[in-house]
Amino acid sequence: MTQHHQFDAVIVGAGGAGLMAALHASKTANVAVVTKLYPTRSHTGAAQGGIAAALGNMEPDSWEWHAYDTIKGGDYLVDQDAAEFMAKDAIDAVLELEHMGLPFDRTPEGKIEQRRFGGHTANYGEKPVMRACKAADRTGHMILQTLYQNCIKQKVNFFNEYFVTDIIVQDNVCRGIVAINVADSEVHVFHAKAVMIASGGFGKMFKVSSNAHTLTGDPVAAIYRRGLPLEDMEFFQFHPTGIYKLGILLSEAARGEGAIFINDKGERFMERYMPTLKDLAPRDICSRYIYEEVRAGRGIGGKDYVYMDFRPEVINKHKSGPGGKEVTREHLEKALPDIIEFARVYLGVDPMTQPVPIQPTAHYAMGGIPTDVDGCVLADNNKIVSGLYAAGECACVSVHGANRLGTNSLVDIVVFGRRGGKHLAAYCKSANFAPLPASAANDTIGEFDRIRASKGTERAANIRNDMQNLMTNYVGVFRNGPDMQKAVDGIRELKKRFKNLKVDDTGKIFNTDVLESFELGCLLDLAEVTAAAALNRTETRGGHAREDYDKRDDVNWLNHSMAYRTDGKGDVAVTDCSIRFEKKPVVITKYQPKERKY
Ligand SMILES: Cc1cc2nc3c(=O)[nH]c(=O)nc-3n(C[C@H](O)[C@H](O)[C@H](O)COP(=O)(O)OP(=O)(O)OC[C@H]3O[C@@H](n4cnc5c(N)ncnc54)[C@H](O)[C@@H]3O)c2cc1C
């Protein structure tokens, strides 16, 4: 039996963005957080390195420099007004977290301690600056725990392990959501004045990925399936330092503490490419040059990886420690405990005595659901969808443009989670409940019944594996037209295979077989849009590096790309492979696009 609930606002997701929004919105509105994971298992908890804010606690800094670095780092595809809001608000948001009780690392005088991170500079690109606030290399964990504890204190309503399948929008007004209770497969309809989607990333479309198993973007797929656009989906960030073959992340915090890249000849090759920032150049640039080295036969042992070296004696020899200072083993063990442990556990390599094999790994979705700076979701021609919000990695504000700087996602989730939460609360005060269609749950029930009854021959795990290989092989760090066409065609074939699924578990209790199949359908839609958008954009910019169009093309492509579903069906099942692309201008305030040199 379908169950019904009514709340002023529903927030989909309990990561940093969802919890920050819930905290602010629930001051005046009756809010429910609906999340497929128990809140503290959200991916925000895996964030290691830090959260940027121009506090200037270690050396002079300013929010204008932070905004400039963000815009330049994003290869000028960033909406500059949004980046300015973010850099300015970051200072206040970090202090708010501190006052909530977040245990940041401290300087001897008791201020929040900061470290360097890729692409963050003083005085408009002059030299690296210490801007990342952190709690060792467990910053995201601390943010998530702090926010969750404060939500409990404030008595926010949680629906944990409820899987959201559909967002109900009619006549451009959001009316609620549909969810499945993971424990018993019951369908729940939530009627609300406002909904915020804060469902995180969708990096599980790639084989080598730093993302958690659950990052499948189901609510983002729901938005697309219901006919709303997705923005800049071609821009996916490849983080340079994934553990070789596994993709598990070794945070850029290591390079903030002085780690360097080394090729097979023992050269610190980033010195050659980026003489000022060297190994602390933005991620897209580092990932590309790692592969340049590999292609030139200078990967370790001729293979497709290089070393990240953060042995104390190596850092001291290269004077690559913070401010050129000497580092000790004790300092590194204290500053980077988790990633040192990861290398020991997953690779059997001790970074204090050996260099660590690394390879770029799919990490972060720059694109997603288009919003304004208050989190309001935008339909075509920038028209606001009443009562619908998005924040965090699933959203595209756009503050990251073509490439996100390290530590800027944690900033994004707290700044825009907060802005969105406040705006949503104000909206709930003045808005009425828009009527809910009687058929709201029908599509979800139909699709889940279909999947549960699947008696075909195809295994979801095999289709997922094939999709991930297509994406990693053909829509990776380097891209070209023929390869991306192979990915698009291949995914379209996989969608056909998806219709012929075989599901073993036909029961209703914790049926992960059915849920993971539904997740796979969502990933197939998002992978198709990503590959097609990448094929569509005939230039090289930020994380999108094309061998056949190897220059940035500001004349034709200083634009966001908007992808729309066009098969006219508008249901929640996997789409029928027809995408229309449009362009939207980038907002420029002060900074005219320049060549990116570091
Ligand atoms: C290993 C790793 C390290 C990182 N390190 C850093 C760092 O140091 N600094 C930095 O700035 N960024 C970092 N990032 C990026 C950053 O952590 C994420 O982009 C950010 O935390 C995302 O937060 P979020 O609130 O948007 O989503 P998440 O924290 O991913 O939360 C998503 C929420 O949505 C819910 N959800 C998803 N689908 C559904 C559904 N269908 N139904 C119901 N609920 C759903 C989930 O249950 C979850 O609660 C890192 C990322 C990774 C993977």
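The values are calculated or read from the model by the stated rules, or taken from the named source; none is laboratory data. Worth saying up front: this structure is predicted, and the values here are computed from it rather than measured. When we count neighbours, we look across all protein chains shown, and the Cβ atoms used for this are built from the backbone with ideal geometry, even at glycine.
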Checklist entry - Just a yes or no: is a residue in the range 167-178 β-branched (Val, Ile, Thr), under 30 Å from Ile339 (Cβ atoms) and in contact with a Gly (Cβ under 6 Å, 6 or more places away or on another chain)? => result no
Item to check | Members of the range 10-30 found to be in contact with a strand residue (DSSP E or B) (Cβ under 6 Å, 6 or more places away or on another chain) and farther than 28 Å from Asn211 by Cα, listed by number | outcome: Ala25, Ala29, Asn30
Item to check | Residue among Ala425, Ala402, Ala390, Ala379 that alone is at pLDDT 95 or above and within 11 Å of the ligand (Cβ to nearest atom) | outcome: Ala390
Checklist entry - What tally of residues in the range 35-56 results from selecting those that are at positive phi and within 8 Å of the ligand (Cβ to nearest atom)? => result 1
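Got a number for residues in the range 15-34 being within 6 Å of the ligand (Cβ to nearest atom) and out of contact with any Gly (no Cβ under 6 Å at 6 or more places or on another chain)? Spell out the reasoning first.
As a first pass, look at the range 15-34 and keep what is within 6 Å of the ligand (Cβ to nearest atom): 15-18, 34.
From what is left, the residues that are out of contact with any Gly (no Cβ under 6 Å at 6 or more places or on another chain) are 16, 18, 34.
The number of residues fulfilling the criteria is 3.
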Checklist entry - How many residues does the range 261-290 contain that are assigned to a strand (DSSP E or B) and surrounded by 24 or more Cβ atoms within 10 Å (Cβ to Cβ)? => result 1
Item to check | Subset of the range 362-398 (residues that are among the aromatic types (Phe, Trp, Tyr) and over 17 Å from Thr70 (Cβ atoms)) | outcome: Tyr389
Next on the checklist: Restricting to the range 395-420, give me the number of residues that are basic (Lys, Arg) and either without any contact (Cβ under 8 Å) to a residue 24 or more places away in the chain or in a helix (DSSP H, G or I) (or both).
Outcome noted: 2
Checklist entry - Out of (1) buried (at least 23 other Cβ atoms within 10 Å of the Cβ); (2) in a strand (DSSP E or B), the odd one out for Val78 is which? => result (2)
Checklist entry - Among the residues of the range 57-75 satisfying the criterion of being at negative phi and part of a loop (DSSP other than H, G, I, E, B), which is nearest to the ligand (Cβ to nearest atom)? => result Gly74
Checklist entry - In the list Val173, Val164, which residue meets the criterion of being surrounded by 20 or more Cβ atoms within 10 Å (Cβ to Cβ) and modelled with pLDDT of 95 or more? => result Val164
Next on the checklist: So, in the range 209-246, exactly how many residues are over 30 Å from Thr444 (Cβ atoms), in a loop (DSSP other than H, G, I, E, B) and under 15 Å from the mean Cα position of the chain (by Cα)?
Outcome noted: 2
Checklist entry - Considering the range 346-377 alone, what residues qualify as being within 27 Å of Tyr427 (Cβ to Cβ), in contact (Cβ under 8 Å) with a residue 60 or more places away in the chain and either of a type in the set (Val, Ile, Thr) or part of a strand (DSSP E or B) (or both)? => result Ala365, Gly368, Ile369, Pro370, Val373, Val377
Next on the checklist: Could you tell me how many of the residues in the range 266-307 are within 22 Å of Gln354 (Cα to Cα) and of a type in the set (Lys, Arg)?
Outcome noted: 4
Checklist outcome for this item: The lone condition Ala254 fails out of (1) within 16 Å of the ligand (Cβ to nearest atom); (2) assigned to a loop (DSSP other than H, G, I, E, B) is (2)
Checklist outcome for this item: Just one listed residue, out of Arg131, Arg138, is in contact (Cβ under 8 Å) with a residue 40 or more places away in the chain, more than 10 Å from the ligand (Cβ to nearest atom) and closer than 30 Å to Ile285 by Cβ, and it is Arg131
Checklist entry - Which of the following residues is within 11 Å of the ligand (Cβ to nearest atom), surrounded by fewer than 24 Cβ atoms within 10 Å (Cβ to Cβ) and in contact (Cβ under 8 Å) with a residue 12 or more places away in the chain: Val220, Val182, Val187, Val156? => result Val182
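Could you list, in sequence order, the residues of the range 421-445 that are part of a helix (DSSP H, G or I) and of a type outside the set (S, T, N, Q)?
Gly421, Lys422, His423, Leu424, Ala425, Ala426, Tyr427, Cys428, Lys429, Asp443, Ile445
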Checklist entry - Can we say Ala487 is farther than 29 Å from Arg288 by Cα and in a helix (DSSP H, G or I)? => result no
